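Colleague: My questions all concern the structure below.
The values are calculated or read from the model by the stated rules, or taken from the named source; none is laboratory data. Keep in mind the model is a prediction, meaning the values are calculated, not measured. Ideal geometry is used to build each Cβ from the backbone, glycine not excepted, and the neighbour counts take in all protein chains shown.
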Amino acid sequence: MKKSILLFLLFLASVSFYGCPYESNVAIDGPGIKINKNYTGIWSIKNGTTKYKVSKLDDYHIKIIQLPADSKDDNAKSDYDTVTYNAHFSKIKDVNFINITQKSKYDAPGKSIYYLYKFEVKGENEITLTEVTSNIKEKFSTSEKLKAYIEKYMDLSFFFGTESIYIREL
């Protein structure tokens, strides 16, 4: 009986931590890859209801706004409680990554948390984001150290977690 309870608790703990992307205090590198205009538009998770409006912020950054669930169009109204992200792209070997940071009016100046994903274009209207797993326990103080770590270990089976497919609606 004790063994069954212990196994159940271990299973519950592993499920509760599953699906959380790695959080980093630094990006993989600075913005240096120009934004492809084909990445802009309204995107939704395949077989899901969550939608995102992606727009070009400047030549190297995109702005991602999570639209309210009941939104009927692509305009996020200021009176809605929206979630906003800024992102830029990085490349290691031949693999594209996206560095995403949440933006809020409550953010402390100079403090950013980056969520890191492998970014793949599957077609004109389909992209895949695969999270860098939260199983990584190391914390990095510089982008150079983070990038070297990713380059060294990205080919190992544990390195990536959940994959999400996004479909362009507009």
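Colleague: Among the residues in the stretch 59-70, are any among the aliphatic types (A, V, I, L, M), in contact with a Leu (Cβ under 7 Å, 6 or more places away or on another chain) and surrounded by 14 or more Cβ atoms within 10 Å (Cβ to Cβ)? Break it down stepwise before answering.
Modeller: Just the residues of the stretch 59-70 that are among the aliphatic types (A, V, I, L, M), to begin with: 62, 64-65, 67, 69.
Next, from what is left, pick out any that are in contact with a Leu (Cβ under 7 Å, 6 or more places away or on another chain): none.
There is no residue in the stretch 59-70 that is among the aliphatic types (A, V, I, L, M), in contact with a Leu (Cβ under 7 Å, 6 or more places away or on another chain) and surrounded by 14 or more Cβ atoms within 10 Å (Cβ to Cβ).
Colleague: Another one. Within the stretch 126-138, take every residue that is modelled with pLDDT of 95 or more and out of contact with any helix residue (DSSP H, G or I) (no Cβ under 8 Å at 6 or more places or on another chain) and give me the one that is farthest from Leu170 (Cα to Cα). Before the answer, list the steps.
Modeller: We begin by selecting, within the stretch 126-138, every residue modelled with pLDDT of 95 or more; these are 126-132.
Cutting the leftovers down to out of contact with any helix residue (DSSP H, G or I) (no Cβ under 8 Å at 6 or more places or on another chain) gives us 126, 128-131.
Details: Glu126: 12, Thr128: 17, Leu129: 19, Thr130: 22, Glu131: 24 Å.
Among those residues, the one meeting the criterion is Glu131.
Colleague: For the subset of the stretch 18-38 comprising residues that are within 23 Å of Ser112 (Cα to Cα) and outside any loop (DSSP other than H, G, I, E, B), which member is modelled with the lowest pLDDT?
Modeller: Pro21
Colleague: Among the numbered criteria (1) of a type in the set (Asp, Glu); (2) more than 19 Å from the chain's Cα centre (by Cα); (3) modelled with pLDDT of 95 or more, which one does Asp79 miss?
Modeller: Single failed check for Asp79: (3).
Colleague: I would also like to ask the following. From the list Ser90, Ser44, Ser112, pick out the single residue that is modelled with pLDDT of 90 or more, under 29 Å from Tyr149 (Cβ atoms) and surrounded by 15 or more Cβ atoms within 10 Å (Cβ to Cβ).
Modeller: Details: Ser44 fails: under 29 Å from Tyr149 (Cβ atoms); Ser112 fails: modelled with pLDDT of 90 or more.
The match here is Ser90.
Colleague: Here's a follow-up. Is it the case that the stretch 133-155 has a residue that's under 30 Å from Ile42 (Cα atoms), touching a Ser or Thr at 6+ places or on another chain (Cβ under 6 Å) and not in a helix (DSSP H, G or I)?
Modeller: Within the stretch 133-155, not a single residue is under 30 Å from Ile42 (Cα atoms), touching a Ser or Thr at 6+ places or on another chain (Cβ under 6 Å) and not in a helix (DSSP H, G or I).
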